[in-house]
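What follows is a set of notes on a single structure, which appears directly below.
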Amino acid sequence: MPDILKRLLRSPQGAVGVLIILLSLLMVVGGAHVAPFDPESISILTRYKPPSAEHWFGTDQMGRDIFSRVMVGARSTIVLSLLATALAMVIGSVLGTASAYLGGKFDEFMMRTMDAVMAIPSLLFALLIVSTLGQSSMNAVLAITIAFVPGMVRISRSVALAARQQDYINAAIARGEAGHYIILREMLPNILAPIIVEATIRVAFAIMLFATLSFLGLGAQPPEPEWGLMVSEARTYFFTAPWMMMIPGLAIALVAIGFNLLGDGLRDVLNPRSH
């Protein structure tokens, strides 16, 4: 693990990605403590204040401090996106590995089902699910998870197919190990590297998708300080107070770029051909 981190920090994209992710995690953990104001405190007298020494990122249409809202909002935007990606990774990797191991009709059924789901764009599929289940952050997480599972299934299956031919799998079969033991204890641990890389990159898409759902009013609900919702609320006031929309939008973009760079760095570090 230390060796992987060293190699990751040697690559420019890996180092920048790690820096952005560390700053993002600090916001998640300590954002509520760093925020100088209550993110939901309304003050009519301080509406539309531009960035200043008192309000670093300015204030919104209700006089709420944008810096405080961005700090506190990191928790919902980043954590829920990580949760959705982690759930999709776990479900997708288990299903994909099982499909590669079992093969036959189960593999055919699984792959055709995943192909059918992947034919629907992720945003459209997530919109359909949230519209059916109702507007809430957790429903948005569920929608993103379901939308991401097919991609994770295909990635894990493609790697697991190669692992299926290895001698240690044949040895486990010869020992009479149960199918679930071989899938969970023999195959999955040995194919984790490409799955983790894929999941890291997908976090960026999850952040964008979660922010989009909140922007459309289908994710986080007012007065929650979620970045996508902040952009949605600020669009009416763009010409009056452009910082209201630009700052949470930049936060979304920077964190998404950070996870993309981290994923690219991990892909290079974990690729045996690059050593």
ask   = With the other protein chains left in place, how much accessible area per residue, in square angstrom, belongs to the chain at a 1.4 angstrom probe?
value = 50
Amide H partners (placed H, <5 Å) of ILE191, local residues excluded = none
note = CD proxy, 222 nm, the chain: helix-only mean residue ellipticity via -39,500 (n - 2.57) per DSSP H run with n ≥ 4, per residue, nearest 500, stands at -24000 deg cm²/dmol
message = Just to confirm my numbers, what's the Cα centroid distance between the stretch 1-76 and the stretch 160-218 in Å?
response = 32
request  = Would you mind calculating the relative contact order of the chain from Cα pairs under 8 angstrom and at least 6 residues apart, reporting the percent as a whole number?
outcome  = 26
request  = Kindly provide the chymotrypsin sites (Phe, Trp or Tyr not before Pro) of the stretch 170-259 that DSSP labels as loop, not H, G, I, E or B, and whose Cβ sees at most 11 other Cβ atoms within 10 Å.
outcome  = PHE239
query = Using r as the Cβ-Cβ distance of THR132 and PHE106, and R0 as 35 Å, what FRET efficiency do you calculate, to the nearest 0.05?
reply = 0.80
ask   = Mind checking which helices in the chain clear 18 Å along their axis (Cα) and have mean Kyte-Doolittle hydropathy of -0.5 or more, DSSP H runs only?
value = 12-34, 66-102, 104-118, 137-164, 192-215, 243-270
task = Determine the share of the chain's accessible area contributed by carbon and sulfur atoms, expressed in whole percent, with a 1.4 angstrom probe.
result = 68
Of [x] 21.1; [y] 19.0; [z] 20.4, the label for Kirkwood radius over Cα pairs in Å derived from the coordinates = [z]
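The values are calculated or read from the model by the stated rules, or taken from the named source; none is laboratory data. These numbers come from a predicted model, not from an experiment. Using ideal geometry, Cβ is built from the backbone for each residue, glycine included, and neighbour counts are taken over all protein chains shown. With ligands, DNA and RNA removed, areas are computed over all heavy atoms of the protein, side chains included. Shrake-Rupley method; radii C 1.70, N 1.55, O 1.52, S 1.80 Å.
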